[in-house]
Amino acid sequence: MKNEPKISSLIDKAIFDYQLIEENDKILLGASGGKDSTLLIEYFANRIKRPQNHFEIQAVHIQSDFAPDFSDELKKLFAQWNIPLEIIKVDVLKRLKQNQKMNCYWCSTQRRTELLNYALQNGYNKIALGHHLDDILETFIMNMTEKGNLSTMIPKMQYEKWPVSIIRPLCYVSEKRIISHVQKKGYSSFTCTCNFQNNSTRKAARKKLEILTEGSENKKQLIFKALKNVQKEYLL
């Protein structure tokens, strides 16, 4: 454990490897209220203090009609970090079509759309999301076993139709390390996620990932590395 790099160093490496931050960027930080996005925002609050950095940041929380309110403690924490926060209320349930059931994918799509609209309206060229290493590998397993394709969430995705990119600076950071960090920092008790949580497919993928890697962070990193080291001549 002593030889493991700091979380901030892993995020720095991801930003360098994938050029996630560039000069004069305007970056919108997706603040879900959960541990992952809160850690990401904490990182940006510290990163922007570095003298060599020249970019702007703003946190936005998309408040759905069935999710708990954004934590007052988190609002205070963001204020301490000098992170501006805007909360946008969205009636996600009212957008459901007749006979359509609510699910996590639908909700995340609606919230992502609102973030994109806010970015376009306010001149932000990047949206930073808190997806971590486990999220990326779980998505890979889900797409492979449920959809029959080899794909996942990528560290940097440029929209084709709009001048906005999605960036995922936590791509090298495991969920286990995030949990440990927020517990040590003392804000794990007031970070939360949506109480709907009806995503059995992702839960199953999470179990498969743990079985496949035996909980080893090194093996998770190797799977991530394999996604960048595709031997096409040995694939059908």
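In region 160-175, what count of residues is obtained for those that are in contact with a helix residue (DSSP H, G or I) (Cβ under 7 Å, 6 or more places away or on another chain) and open to solvent by 20 Å² or more (accessible area, probe 1.4 Å)?
2
Condition first: farther than 21 Å from ALA119 by Cα and not in a loop (DSSP other than H, G, I, E, B). Now tell me which residues in region 64-74 satisfy that.
ASP72, GLU73, LEU74
Assuming TRP106 fulfils every condition listed in (1) among the aromatic types (Phe, Trp, Tyr); (2) over 28 Å from GLY186 (Cα atoms); (3) touching a Ser or Thr at 6+ places or on another chain (Cβ under 8 Å) apart from one, which condition is it?
(3)
Among LEU116, LEU129, LEU137, which is the only one that is under 20 Å from ARG47 (Cβ atoms) and either open to solvent by less than 60 Å² (accessible area, probe 1.4 Å) or of a type in the set (Gly, Ala, Ser) (or both)?
Being under 20 Å from ARG47 (Cβ atoms) and either open to solvent by less than 60 Å² (accessible area, probe 1.4 Å) or of a type in the set (Gly, Ala, Ser) (or both) holds for just one of LEU116, LEU129, LEU137, which is LEU129.
Please go through region 87-100 and pick out each residue that is open to solvent by 70 Å² or more (accessible area, probe 1.4 Å) and closer than 22 Å to TYR118 by Cβ.
LYS89, ASP91, LEU93, LYS94, ARG95
Inside region 2-25, can you point out the residues that are open to solvent by 60 Å² or more (accessible area, probe 1.4 Å) and among the aromatic types (Phe, Trp, Tyr)?
Selection gives PHE16 alone.
Test of understanding: among TRP106, TRP162, which residue is of a type in the set (Phe, Trp, Tyr), out of contact with any Cys (no Cβ under 6 Å at 6 or more places or on another chain) and at pLDDT below 95?
Exactly one of TRP106, TRP162 is of a type in the set (Phe, Trp, Tyr), out of contact with any Cys (no Cβ under 6 Å at 6 or more places or on another chain) and at pLDDT below 95, namely TRP106.
List the pairs whose first member sits in region 209-221 and is under 16 Å from THR145 (Cβ atoms), whose second member is assigned to a helix (DSSP H, G or I) and open to solvent by 70 Å² or more (accessible area, probe 1.4 Å), and whose Cβ atoms are under 7 Å apart, counting only residues at least 6 apart or on separate chains?
Qualifying pairs under 7 Å: THR213/LYS219.
Return the pairs, sorted by first residue and then second, in which the second residue is of a type in the set (A, V, I, L, M, F, W, C) and part of a strand (DSSP E or B), the first residue lies in region 147-159 and is open to solvent by 50 Å² or more (accessible area, probe 1.4 Å), the beta carbons are less than 6 Å apart, and the residues are 6+ apart or on different chains.
From residues that are open to solvent by 50 Å² or more (accessible area, probe 1.4 Å), the pairs are LYS156/ILE167; MET157/ILE166.
Would you mention how many residues in region 209-228 are open to solvent by less than 90 Å² (accessible area, probe 1.4 Å) and at negative phi?
Number satisfying all stated conditions: 12.
Tell me which of these TYR124 doesn't satisfy, since it passes every other one: (1) crowded, with 16+ Cβ neighbours inside 10 Å; (2) on the phi > 0 side of the Ramachandran plot.
Going through (1) crowded, with 16+ Cβ neighbours inside 10 Å; (2) on the phi > 0 side of the Ramachandran plot one by one, TYR124 breaks only (2).
Return the only residue of LEU28, LEU77, LEU40 being modelled with pLDDT of 90 or more, crowded, with 20+ Cβ neighbours inside 10 Å and under 30 Å from ASN218 (Cα atoms).
LEU40
So, of the residues in region 44-63 that are open to solvent by 20 Å² or more (accessible area, probe 1.4 Å), of a type outside the set (A, V, I, L, M, F, W, C) and in a strand (DSSP E or B), which turns out to be nearest to ASN82 (Cα to Cα)?
Step by step, filter region 44-63, then rank; the result is GLN58.
For region 1-54, how many residues meet the condition of being touching a Pro at 6+ places or on another chain (Cβ under 9 Å), within 27 Å of ILE88 (Cβ to Cβ) and of a type in the set (A, V, I, L, M, F, W, C)?
6
Taking SER71, is it hydroxyl-bearing (Ser, Thr, Tyr) and touching a strand residue (DSSP E or B) at 6+ places or on another chain (Cβ under 7 Å)?
Taking the combined requirement at face value, the residue does not satisfy it.
From the list THR145, THR113, pick out the single residue that is over 21 Å from the mean Cα position of the chain (by Cα) and at pLDDT 90 or above.
Criteria check complete, one pass: THR145.
The values are calculated or read from the model by the stated rules, or taken from the named source; none is laboratory data. All values reported here derive from a predicted model rather than from experimental measurement. Positions of Cβ are generated from backbone atoms using ideal geometry, with glycine treated the same way; all protein chains shown enter the neighbour counts. Surface areas here come from the heavy atoms of the whole protein model, side chains and all, with no ligands, DNA or RNA. Shrake-Rupley method; radii C 1.70, N 1.55, O 1.52, S 1.80 Å.
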